[in-house]
Every structure is written in C-alpha cells, then in structure tokens.
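J.: Have a look at the structure that comes next, please.
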C-alpha cells in the first residue's frame with residue numbers, strides 16, 4: 001500500500017477542524033491505517049475532538065498485538081469515544097464537542113472499513129467509483145426511507161445534521177465494511193468538505209487522470225475550493 005494525506009482549511013472557515021492520518025507501514029497488529037476525522041462543536045472544541053479521536057485510536061492500536069482487524073478497529077474507536085467524552089466533561093467550554101470518523105485498514109487482500117458520521121470512504125477501480133460507507137445524517141436517513149430523492153439531498157438545508165458521532169455518551173454505534181481489493185484499486189477517505197462540493201464522477205475523473213496520489217489529493221482539494229470551499233477539506237488516498 002502507498003498513501004497520501006492532506007487537509008485544507010477551505011475558503012470560508014477560519015480554522016481547520018479536520019484531522020487526518022495515514023500509515024503505509026504496520027501499526028500494532030495492523031498492516032496499515034488510514035483515518036479522516038471531521039470535528040465539530042465550535043472552533044477550539046472541533047479541533048480538539050478530531051485530534052483526540054485520532055491520537056486515541058493510534059495509541060490503542062499500537063498496543064494491540066492480537067489478530068482481528070475489526071476487533072482492533074472497534075476497540076480503538078471505543079477508546080477514542082471515551083477520550084472525547086471524558087475531555088468534553090472536564091471543561092464546560094468543550095461541552096457537546098464531537099467528530100465524525102472514517103477509518104480503514106488493509107488485511108490480506110481486503111480492506112476493513114469503519115465509519116461513524118458522514119465522512120466517507122470510496123473505492124475507485126479503472127472503471128468506476130463506489131461509495132462504501134453510509135452517511136449517518138438526517139438527510140441520508142430521509143433518502144433511505146424514500147422521503148427524499150438523492151438529487152434533492154445534495155443541497156438540502158439540513159444536510160449537515162449528523163445522527164452519529166464520536167463523543168456521544170453511552171455505547172457508540174459503528175458501521176463496519178469488508179471490501180475485497182484488486183491490484184491497483186484506490187481508496188479515498190474524505191470529509192464532507194470534499195463530497196459536498198465535488199460530484200462523485202468528477203472525483204473519479206480527477207483521481208484517474210493523475211500520475212500519483214499526491215497530485216490527485218492536491219487536485220481534489222483545488223476542485224473543492226473552486227466549487228466554493230465552504231468547509232474544511234480532507235482527503236486520504238491509498239493505492240493497493
């Protein structure tokens with residue numbers, strides 16, 4: 001696996017509340033690790049929530065020696081949730097802070113994916129782009145229930161209301177996906193600062209037109225900013 005990670009403040013925000021992580025090499029018992037976290041809860045709180053989430057995950061995974069990629073990811077995400085909840089409870093100014101999370105780890109020809117919130121993971125092959133994760137958002141739930149058409153969802157005024165996040169009290173609900181990888185497949189993890197601004201087919205064309213992942217990452221962020229750059233923009237790309 002080779003990877004590239006980049007985050008950008010965008011054109012409208014004063015600070016970047018996203019946090020990204022990518023390791024091409026073994027971390028604990030995992031072959032590699034990719035993470036995008038999109039913080040929320042005010043400027044300082046959002047920054048802190050996303051960073052705490054990723055740091056807690058990495059620390060936990062580094063201490064896991066046993067097998068089981070999903071088990072390790074689950075343990076790490078639950079540790080991240082506890083870390084964010086505990087920190088928010090220690091300071092009234094941080095009350096309500098949280099973060100989305102999408103994470104992935106390769107394992108013997110498969111990619112194991114976990115998500116909480118509306119940050120996404122896509123798989124791109126030579127011919128198409130496929131969204132693997134499901135957005136945990138009010139609008140997406142309306143689409144799945146047949147109350148809203150997908151074309152109406154894209155610019156819906158309540159699109160940014162998420163229904164799950166790291167930082168919730170109690171048991172965190174995590175979606176897991178297992179994707180069979182083919183040689184040359186590319187995974188894209190991103191915050192909604194990309195997916196809300198750039199259509200999937202344009203994302204596909206940009207990535208597949210580039211010589212390397214760094215060029216692709218930079219062009220994706222440029223495209224989101226050209227479309228308005230209304231939010232922080234984060235991309236993590238990996239080729240297998």
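The values are calculated or read from the model by the stated rules, or taken from the named source; none is laboratory data. From a predicted model like this one, the values you see are computed outputs, not experimental measurements. Quick reminder, even Gly has a Cβ in these numbers, built from the backbone with ideal geometry, and neighbours come from all protein chains shown.
J.: Return the only residue of 119, 110 being touching a helix residue (DSSP H, G or I) at 6+ places or on another chain (Cβ under 9 Å) and closer than 15 Å to residue 192 by Cβ.
T.: On the way: 110 fails: closer than 15 Å to residue 192 by Cβ.
Result: 119 is the single residue among 119, 110 that is touching a helix residue (DSSP H, G or I) at 6+ places or on another chain (Cβ under 9 Å) and closer than 15 Å to residue 192 by Cβ.
J.: Give 165, 216 a once-over and let me know the one that is over 16 Å from the mean Cα position of the chain (by Cα) and either modelled with pLDDT of 95 or more or buried (at least 20 other Cβ atoms within 10 Å of the Cβ) (or both).
T.: Exactly one residue qualifies, and that residue is 216.
J.: Starting from residues that are touching a helix residue (DSSP H, G or I) at 6+ places or on another chain (Cβ under 8 Å) and surrounded by 19 or more Cβ atoms within 10 Å (Cβ to Cβ), keep the ones in the range 175-194 and report whichever is farthest from residue 46 (Cα to Cα).
T.: Only one residue fits best here, namely 186.
J.: Is it the case that some residue within the range 146-155 is in a strand (DSSP E or B), in contact (Cβ under 8 Å) with a residue 40 or more places away in the chain and within 24 Å of residue 220 (Cβ to Cβ)?
T.: no
J.: While we're on this one: For residue 85, which of the numbered conditions (1) crowded, with 21+ Cβ neighbours inside 10 Å; (2) over 20 Å from residue 179 (Cβ atoms); (3) out of contact with any helix residue (DSSP H, G or I) (no Cβ under 9 Å at 6 or more places or on another chain) fails to hold?
T.: Answer for residue 85: the failing condition is (1).
J.: Name the residues in the range 49-70 that are closer than 19 Å to residue 162 by Cα and touching a helix residue (DSSP H, G or I) at 6+ places or on another chain (Cβ under 7 Å), would you?
T.: 49, 53
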